[in-house]
1. Could you give the length gained on full extension between His131 and Tyr76, defined as 0.36 nm per residue of separation minus the Cα-Cα distance, in nm?
2. Using a probe radius of 1.4 Å on heavy atoms only, what accessible surface per residue do you get for the chain? Whole Å² is fine.
3. Filter the DSSP H helices in the chain by two things, a Kyte-Doolittle mean of at least 0.5 and an axial alpha-carbon span of 27 angstrom or more, and list the hits by number.
4. Mind sorting out which of (1) -0.39, -0.53, -0.76, -0.99; (2) -0.43, -0.54, -0.76, -1.01; (3) -0.27, -0.41, -0.68, -1.03 is the real log10 I(q)/I(0) by the Debye sum over Cα atoms at q = 0.09, 0.11, 0.14, 0.17 Å⁻¹ computed from the coordinates?
5. Roughly how many Å is it from the Cα centre of segment 99-163 to that of segment 65-92, as a whole number?
6. Given labels modelled 7 Å from the Cα in the Cβ direction, how far is it in nm from Leu106 to Val138?
7. Quantify, in whole percent, the carbon and sulfur part of the accessible surface of the chain (1.4 Å probe; protein heavy atoms only).
8. What does the extension gain come out to for Phe119 and Ser69, with contour length at 0.36 nm per residue minus their alpha carbon separation?
Amino acid sequence: MEKDMNEMQKDMNVVERDMNVTDGGLTISQRIAICFAAGVIGAVAVVLFSYVLFWLGLSATLGVKAPVSLKSPDIYKPLFWGGLWGMLFGLFIKTAWNRLYLVGFLYVLAPLLALFLFFLPMSGAGYFGLHRGPTFTVYLLLVNLPFGIVTALAARAIIGKHP
């Protein structure tokens, strides 16, 4: 019984260490909340980049007729999903801190894989959106590129020097 109490005390110390900010770092909850906001900012970058691509004429060349709608409720969907993907980024931001920008740049692969292998097939566009043509896949790759790096930049700006 005494041994079980000691084990429970050790477990509580681990939890308490994560919940307290005594060492100058952030708790996991704080990192997740910050990265939710950073993910929303990353999603805003993607939406704005879709307008840049449209303005440059690349969207039409790649088979996309209009940028993401800024009207309610259409705008909320990418922002919400960006926040959720940002929360996942927040789970490992502390371990990736020394290479944050590289990890942020590569992090776009996670939501892209989910888009290509789950969401597009569920919407009828096929894997990688190939039912709409290969240029649509190129557009999706291009338009989503800013997400990871902007999310990392925003998280770094909010967090500061130590996660």
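1. 17.2 nm
2. Working: 10160 Å² over 163 residues.
So the chain comes to 62 Å² accessible per residue, rounded to a whole number.
3. 28-56
4. Recomputing log10 I(q)/I(0) by the Debye sum over Cα atoms at q = 0.09, 0.11, 0.14, 0.17 Å⁻¹ here gives the entry labelled (1).
5. Between the Cα centre of segment 99-163 and that of segment 65-92, the gap is 11 Å.
6. Each label point lies 7 Å from its Cα, and together they span 2.6 nm.
7. 69 percent
8. That pair, Phe119 and Ser69, stretches by 16.1 nm at full extension.
The values are calculated or read from the model by the stated rules, or taken from the named source; none is laboratory data. Just so it is clear, the model here is predicted, and its values are computed rather than measured. Backbone-built Cβ (ideal geometry, glycine too); neighbour counts: all protein chains shown. For the accessible areas, the whole protein counts, side chains as well, though only heavy atoms, and no ligand, DNA or RNA atoms are used. Shrake-Rupley method; radii C 1.70, N 1.55, O 1.52, S 1.80 Å.
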